[in-house]
Amino acid sequence: MKAEYINPFLESASIVLEQMVCVRPTTGELAIKDVKLADNYIWIQIGLNGQMQGDIVFGLHESVALKLVSAMMGGFTITEIDDMSKSAISELGNMISGNASTILFNQGVKVDITPPVVLQSSSHAGFTAKRALTIPLIMGGIGEMDIQVLIS
């Protein structure tokens, strides 16, 4: 697992979050940890195919997701994780991953992304704990979103 795999996703996330929610995130400490789904969290899983194989998983607490969706909706307060909220969070992950795949392509790495899958429960079938390169994005006034790169 190479640390440079995460940089296009960090760059893209900073651009997308600044455009969509008017927040310039800062990065926390890079770490390798086991990714396990936890209750009260939203997880956006996007598969990578091509010269990079694996997944990108964005993880954020439900309260952070609600703040992000509210900001994406122009400040309209969203109070529950419903289908619209899941769709908005899913699209945020899709935009970050799409922009990152363009950055990778410009660096000579061809990669395709799969449609995002929103996971909300620690008992979600189809996801097992995996080791990942992880970095938190700290969004002032909103909270943190972890970017987890699971590349083989």
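The values are calculated or read from the model by the stated rules, or taken from the named source; none is laboratory data. Being a predicted model, the structure only gives us computed values, none of them experimental. Counting neighbours? That spans all protein chains shown, and the Cβs are built from the backbone with ideal geometry, glycine included. For the accessible areas, the whole protein counts, side chains as well, though only heavy atoms, and no ligand, DNA or RNA atoms are used. Shrake-Rupley method; radii C 1.70, N 1.55, O 1.52, S 1.80 Å.
Inspect region 86-101 for any residue being charged (D, E, K, R) and more than 15 Å from the chain's Cα centre (by Cα) and give the result as yes or no.
Checked against the condition, which is being charged (D, E, K, R) and more than 15 Å from the chain's Cα centre (by Cα), region 86-101 yields no hits at all.
Would it be correct to say that Glu4 is at pLDDT below 90, in a helix (DSSP H, G or I) and either hydrophobic (A, V, I, L, M, F, W, C) or within 18 Å of Gln148 (Cβ to Cβ) (or both)?
Here the answer is yes, as Glu4 does meet what is asked.
What number of residues in region 50-71 are open to solvent by 40 Å² or more (accessible area, probe 1.4 Å) and either outside any strand (DSSP E or B) or under 22 Å from Gly141 (Cα atoms) (or both)?
Total meeting the criteria: 6.
Does region 9-19 include one or more residues that are exposed (fewer than 12 other Cβ atoms within 10 Å of the Cβ), among the charged types (D, E, K, R) and at pLDDT below 95?
No; the residues of region 9-19 include none that is exposed (fewer than 12 other Cβ atoms within 10 Å of the Cβ), among the charged types (D, E, K, R) and at pLDDT below 95.
Can you name the number of the only condition in (1) in contact with a Lys or Arg (Cβ under 6 Å, 6 or more places away or on another chain); (2) under 21 Å from Lys130 (Cβ atoms); (3) open to solvent by 10 Å² or more (accessible area, probe 1.4 Å) that Val35 fails?
Result: Val35 fails condition (3) only.
Look at region 77-117 and say how many of its residues are outside any helix (DSSP H, G or I) and in contact with a strand residue (DSSP E or B) (Cβ under 6 Å, 6 or more places away or on another chain).
Adding up the residues that qualify gives 7.
When the residues of region 20-49 are filtered to those that are in a strand (DSSP E or B) and more than 19 Å from Met95 (Cβ to Cβ), which remaining residue is modelled with the lowest pLDDT?
Within region 20-49, the match that is modelled with the lowest pLDDT is Val35.
When the residues of region 69-108 are filtered to those that are out of contact with any Ser or Thr (no Cβ under 9 Å at 6 or more places or on another chain) and touching a residue at least 60 places away in the same chain (Cβ under 8 Å), which remaining residue is farthest from Gln19 (Cα to Cα)?
Per the stated criteria, the residue is Gln107.
Scan region 11-27 and report the pairs whose first residue is within 14 Å of Ser70 (Cα to Cα) and whose second residue is open to solvent by less than 20 Å² (accessible area, probe 1.4 Å) and of a type outside the set (A, V, I, L, M), with Cβ atoms within less than 6 Å and a gap of 6+ or a chain change.
Leu17/Pro25
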